[in-house]
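A.B. asks: Let me begin by handing over the structure; questions about it come next.
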Amino acid sequence: MNHTAAAFETTQDFPQCAPNVALTETARLAVSVNSKHREVQRLGRTAKEIAAEIGEELIKVKAELKHGEFIPWIAEHCMFTRKRGHEYMKVAEAKCNSRVTFDRCDSIREVLALGKTPKEPPQQTRPATLDDLRKVERLRALRDDPAASEGERENAKAKLEEIEKVEPESSLFAHIGASELNSCGLCHEHTEGKRP
């Protein structure tokens, strides 16, 4: 039995009306849409197919109504918001555009995310430790040491740039210069031969 047939078999989905009054097409579709919305809420993961059917029916309703009447129609006839209605229509459009891609999605959320670039998670930063400060000072000293080979200086410079890229302005490394490190005994000459 398809979902539309199931919706019409339950009398609780039909509005109470006089026996001789026929339902309009949009009223009949509202009953079907609301019934399917309840199914989406109940079924979870398998809901994308039902959501696509709701979207297809909403697209039909929108095509039948005059400009500006669709959003009020949703507010009056549906148990969900305008935003949810537009999401159902997007799911239907995704199914229509590429059935293969649609079938690969496990949920409505995945279907709605199609074509969107994923947000990068915020980078986790931690406060600099004393060992971090010592490492930065050693790299700075190596970078600036004329006795070091060109390769060693370039390697130190690249490592410093990588550290500054990870923690740009918020980094303690950017604000602490060699003079502050020297005054607290962390410069290269004071730590040479000592292991942190």
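A.B. asks: From the list Thr46, Thr117, Thr129, which residue is under 30 Å from Lys165 (Cβ atoms) and modelled with pLDDT under 80?
C.D. replies: Details: Thr46 fails: under 30 Å from Lys165 (Cβ atoms); Thr129 fails: modelled with pLDDT under 80.
Result of the check over Thr46, Thr117, Thr129: Thr117.
A.B. asks: Then there's this: May I ask you to list the residues in segment 58-111 that are loosely packed, with under 14 Cβ neighbours inside 10 Å and either among the small types (Gly, Ala, Ser) or in contact with a strand residue (DSSP E or B) (Cβ under 8 Å, 6 or more places away or on another chain) (or both)?
C.D. replies: Within segment 58-111, Ala63, Gly68, Ala75, Ser98 qualify.
A.B. asks: Kindly evaluate Ile71 against the criterion of being over 28 Å from Asp103 (Cβ atoms) and not small (Gly, Ala, Ser). Give the steps one after another, and end with the answer.
C.D. replies: Details: over 28 Å from Asp103 (Cβ atoms): yes; not small (Gly, Ala, Ser): yes.
Yes: the conditions hold for Ile71.
A.B. asks: State which residue pairs qualify: first residue closer than 13 Å to Asn34 by Cβ and inside segment 64-86, second residue hydroxyl-bearing (Ser, Thr, Tyr) in any location, beta carbons under 8 Å apart, and separation of 6 or more residues or different chains.
C.D. replies: Trp73/Thr26; Ile74/Thr81; His77/Thr26
A.B. asks: Take segment 82-102 and flag every residue that is within 20 Å of the chain's Cα centre (by Cα) and modelled with pLDDT under 90.
C.D. replies: Of everything in segment 82-102, those that are within 20 Å of the chain's Cα centre (by Cα) and modelled with pLDDT under 90 turn out to be Thr101, Phe102.
A.B. asks: Among the numbered conditions (1) in contact (Cβ under 8 Å) with a residue 40 or more places away in the chain; (2) assigned to a helix (DSSP H, G or I); (3) more than 30 Å from Asn155 (Cβ to Cβ), tell me where Asp106 comes up short.
C.D. replies: (2)
A.B. asks: Can you spot a residue in segment 148-157 that is of a type in the set (Ser, Thr, Tyr) and touching a residue at least 40 places away in the same chain (Cβ under 8 Å)?
C.D. replies: Here is the first cut: in segment 148-157, the ones of a type in the set (Ser, Thr, Tyr) are 149.
Keeping just the survivors that are touching a residue at least 40 places away in the same chain (Cβ under 8 Å) gives none.
No.
A.B. asks: Shifting gears a bit: Using the structure shown, decide if Ala52 is closer than 22 Å to Arg109 by Cβ, assigned to a helix (DSSP H, G or I), out of contact with any Leu (no Cβ under 7 Å at 6 or more places or on another chain) and among the small types (Gly, Ala, Ser). Steps first, please.
C.D. replies: Numbers: closer than 22 Å to Arg109 by Cβ: yes; assigned to a helix (DSSP H, G or I): yes; out of contact with any Leu (no Cβ under 7 Å at 6 or more places or on another chain): yes; among the small types (Gly, Ala, Ser): yes.
Yes, satisfied.
A.B. asks: Among the candidates Pro122, Pro146, single out the residue that is at pLDDT 90 or above and part of a loop (DSSP other than H, G, I, E, B). First the steps, then the outcome.
C.D. replies: On the way: Pro122 fails: at pLDDT 90 or above.
Exactly one residue qualifies, and that residue is Pro146.
The values are calculated or read from the model by the stated rules, or taken from the named source; none is laboratory data. Predicted model only: the values in this text are computed from it and were never measured. Positions of Cβ are backbone-derived with ideal geometry, glycine not excepted, and every protein chain shown enters the neighbour counts.
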